[in-house]
Amino acid sequence: MPPTASPRPNRRTRRTPLFGVAANALIAMMLLAGCDKLGAYNHWQAGDTKPDIAGVSYGPDARQVLDIYLPAPSMQPAPLLIWFYGGSWDSGHRAKYAFIAKRFTKSGYAVAIPDYRLVPDIHFPAFVEDGASAITFLKHYAKQNPDQIKDTPFILAGHSAGAYNAVQVVADPTYLRTVGLDSSAIAGIIGLSGPYDFYPYDVAATQHAFGMTPAVQSQPIAMDLAHMPPLLLITGTRDQTVLPRNSRKLAELAPKAELVEVVDTGHAGTLIALGFYLTTDDAVLGPVEQFLQTHMPTATLAKTP
């Protein structure tokens, strides 16, 4: 079904302070230089943060594993945020995103970070199917461990290709339906610098991941989005990897979307904004915390000014 126009999205432009622009630009250049740099950044930001439940299998493949981080015992049982990382669908490892878990567990959330199968071993839609499998596994885990995780709708979040995975697994209802769920299982989705409108496939990453897949199957903006939960879409105005038009277009079509454009921020900037030292950017963190408090509140965030 072709998309129908939705009311004009709630759109905000946020500006990063000048010092933050310089710091984020420097660190973003380091991150884009290679995955080893991301590991170093994660260690710097996360310190000795380790998952409470590590390497849990949600499927038979070696890549179908996830880690779960829990907040302090006084904050449990906690609502759950599932983080999908980026990497052009051909790279990434859950251990390098402990800084994301640290950020949200401090606010009273449980955080799950799944690995998923990667190109070239698989191609679309396998990585989206893995997202659905991880969600239903975690739904069952919450039911079985009510002292740790609340059995309430989850928040999905991700950066870049991970933001695509988080959006597409709900935008096309087939994925959740196949694992016995629907969009009511999702309280909201946070997409940082995500690709949602990238047909035709004109870069190597999308060509390798999607091949000859028709746009009606692969593009979130081509779906009937009437069932979508609330979306927070954040993009940097200087993103040359995933152009801001991706977030703008999805925000126009989704019925409950908030669009935040961060001035003078590039592709990696929206990710490292969630770090703790030097790179924290309230232009990103502020809307994220407000979205969480609105759609999946915790007592900790309720106290945030």
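A few remarks follow.
- Among residues of segment 42-57 that are touching a residue at least 40 places away in the same chain (Cβ under 8 Å), those with a Cβ under 9 angstrom from a residue that is surrounded by fewer than 14 Cβ atoms within 10 Å (Cβ to Cβ), sequence gap 6+ or separate chain, pair up as TRP44/TYR277; GLN45/TYR277.
- Residue among SER193, SER183 that alone is touching a Gly at 6+ places or on another chain (Cβ under 8 Å) and polar (S, T, N, Q): SER193
- Filtering segment 214-230 for residues that are closer than 22 Å to ARG117 by Cα, touching a helix residue (DSSP H, G or I) at 6+ places or on another chain (Cβ under 8 Å) and of a type in the set (A, V, I, L, M) leaves a non-empty set.
- Taken over segment 274-295, the criterion of being part of a loop (DSSP other than H, G, I, E, B), in contact with a Lys or Arg (Cβ under 9 Å, 6 or more places away or on another chain) and crowded, with 22+ Cβ neighbours inside 10 Å is satisfied by LEU274, GLY275, ASP281.
- If you check LEU259, LEU250, LEU271 for being in a strand (DSSP E or B) and of a type in the set (A, V, I, L, M), only one passes: LEU259.
- Positions within segment 243-294 being under 16 Å from SER160 (Cβ atoms), among the polar types (S, T, N, Q) and more than 17 Å from the chain's Cα centre (by Cα), in sequence order: THR265
- Residue count for segment 286-305 under the criterion of being in contact with a helix residue (DSSP H, G or I) (Cβ under 8 Å, 6 or more places away or on another chain) and either within 19 Å of ILE189 (Cα to Cα) or of a type in the set (Gly, Ala, Ser) (or both): the result is 7.
- Residue within segment 152-161 that is surrounded by fewer than 20 Cβ atoms within 10 Å (Cβ to Cβ), among the β-branched types (Val, Ile, Thr) and not in a helix (DSSP H, G or I) present: yes
- Note on segment 171-204: among residues that are over 16 Å from SER247 (Cβ atoms) and among the β-branched types (Val, Ile, Thr), the one that is surrounded by the most Cβ atoms within 10 Å (Cβ to Cβ) is ILE186.
- Residue list for segment 60-106, filter: open to solvent by less than 50 Å² (accessible area, probe 1.4 Å), among the charged types (D, E, K, R) and not in a strand (DSSP E or B): ARG94, LYS102, ARG103
- Residues satisfying the stated conditions in segment 146-181, i.e. out of contact with any strand residue (DSSP E or B) (no Cβ under 7 Å at 6 or more places or on another chain), touching a residue at least 24 places away in the same chain (Cβ under 8 Å) and not hydrophobic (A, V, I, L, M, F, W, C): PRO146, ASP147, THR152, SER160, TYR164, GLN168, ASP172, PRO173, TYR175, THR178, GLY180
- Subset of segment 12-62 that is over 30 Å from ALA132 (Cβ atoms) and among the β-branched types (Val, Ile, Thr) - its residue that is modelled with the highest pLDDT: THR13
The values are calculated or read from the model by the stated rules, or taken from the named source; none is laboratory data. Quick caveat, the model's predicted, so the values are computed rather than measured. A quick note on method: Cβ atoms are made from the backbone with ideal geometry, for glycine too, and the neighbour counts reach across all protein chains shown. We work out accessible area using only protein heavy atoms, side chains counted, and drop any ligands, DNA or RNA first. Shrake-Rupley method; radii C 1.70, N 1.55, O 1.52, S 1.80 Å.
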